[in-house]
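Every number here is computed from the coordinates shown, using simple stated rules; none is lab data. Everything quoted here is computed from the prediction, not taken from an experiment. All Cβ positions, glycine included, derive from the backbone under ideal geometry; neighbour counts span all protein chains shown.
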Amino acid sequence: HDLGASGEIEKTPREAAPDMESEPAAAAARAAERVPPWREQVTARGMVAALLIGVVYTVIVMKLSLTTGLVPTLNVSAALLAFLALRGWTHALHRLGIACRPFTRQENTVVQTCAVACYTIGFGGGFGSFLLGLDKKTYELSGVNTPGNVPGSYKDPGIGWMMGFLLAISFVGLLTLLPLRKVLVIDYKLTYPSGTATAVLINGFHTPQGDKNARQQVRGFLKYFGISFFWSFFQWFYTGGDVCGFLQFPTFGLKAWKQTFFFDFSLTYVGAGMICSHLVNLSLLFGAVLSWGVMWPLMSKQEGKWYSAKASASSMSGLYGYKAFLCIALLIGDGFYNFLKVILVTLKSIHEKSQRGRLNRGKMNKLVHCIGIVQWRMRTRWPSTTCSATRCSTGTTSRPG
């Protein structure tokens, strides 16, 4: 688990933090640190902490997936929670006088990785999109007589086949992503933003100054965790149904509320918006205004012309079909463009690095050739000018008898 020694863990000036390790000293200390064997990195306490963090994050991710479909990257926060859990555990044991294994950055990385893998299976496995939509109840709600809804084309959830399915898709990382990581991240040193940010954060925690920073971050985490928890608890008292209380507050009036323009005061989405880039947030806002404020109201006026007036709100043969296919076309088009862009940029980078490698090998061959000529001239008894003239005139060299 090479976290990558980075000199950018701390940017605080020396005057502001005189006890902070200097960047060269911190890098040297990390380089001299013994990397523990994998049996000391994968520990029972680490697996328990990863399971608890993974369960909490799975609930959060499933809520976001089932409501908005937008799941931000939670690697950095998972690393913070892993550090908080295990550092608190080791401190508690030390206070009780019980000896325990030191908490290392490698163990921190293992816990963070396992927690991220836990909630990633929940999201990538299709629990918030298609997996649970294969059951018989969804088949019946879609309409038994709906064209294309073939009788018997459903699959009820089951522990056996779902575990096999999730195990199969989890091996994608071993079969494809690990070779890509070896080529793109290690060999060609391409940027991996979320992994780099997590590594810098974990390296920063496991320093004397990092302990102080971690305590400040933990205090901030607990503060805003409490605010979010008690606000959600307060909202519960004023919730009488799906369209009551704070869940659908008509911020822009009742007419806009009918077009789903309302505010639900959910701090979950506020936090997700804070994690995501402002470009993503602005794009989502623009898409929401364009679709729900302009396109869908105009399309709803074509009821009976473009689609059947008897179609339900969730029928693919009604207005929902236009919504789904328009959005999917935009997603696939932009995704295909970015896919081609990444492929071309990667191939260009690989080509440039291979060209530089050939150039360096050519320079090395010339250097070796020149060294060989110098050594040969030192062994011969001919003057260098005579030797050069002889070689230039005959194209061969001969040693005098």
Length added when fully stretched, VAL243-ARG356, from 0.36 nm per residue minus Cα-Cα: 34.4 nm
Estimated distance in nm for a label pair at GLN216 and ASP135, the labels positioned 7 Å out from Cα along Cα-to-Cβ: 4.8 nm
Neighbourhood charge, 14 Å Cβ-Cβ cut-off, centred on ASP156 and excluding it, Lys, Arg +1 and Asp, Glu -1: +1
Residue-by-residue Karplus 3J(HN,Hα) for segment 215-222, coefficients 6.51, -1.76, 1.60, Hz, glycine and proline x: 5, 5, 5, 5, 4, x, 4, 5
Cα→Cβ-extended label distance, 7 Å offset, between MET163 and TRP38, nm: 2.3 nm
PHE263 long-range amide H proximity, modeled H, under 5 Å: PHE249, THR251
Within segment 100-129: backbone nitrogen closer than 15 Å to the THR90 label point (7 Å, Cα to C-beta): 100-112
Inter-label distance, nm, simple model (7 Å from Cα along the C-beta direction), GLN235/LEU177: 3.0 nm
Extension gain, PHE225 back to SER283 (0.36 nm per residue minus Cα-Cα distance, nm): 18.1 nm
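Note the full-extension length gain between SER315 and VAL185 as 0.36 nm times their separation in residues minus their Cα-Cα distance, in nm to one decimal.
Net length gain for the segment: 42.3 nm.
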Förster radius 56 Å - calculated FRET efficiency between VAL48 and PHE261, Cβ distance, rounded to 0.05: 0.80
Spin-label proximity, SER308 to segment 118-157 - amide N less than 14 Å from point 7 Å beyond Cα toward beta carbon: 142-149
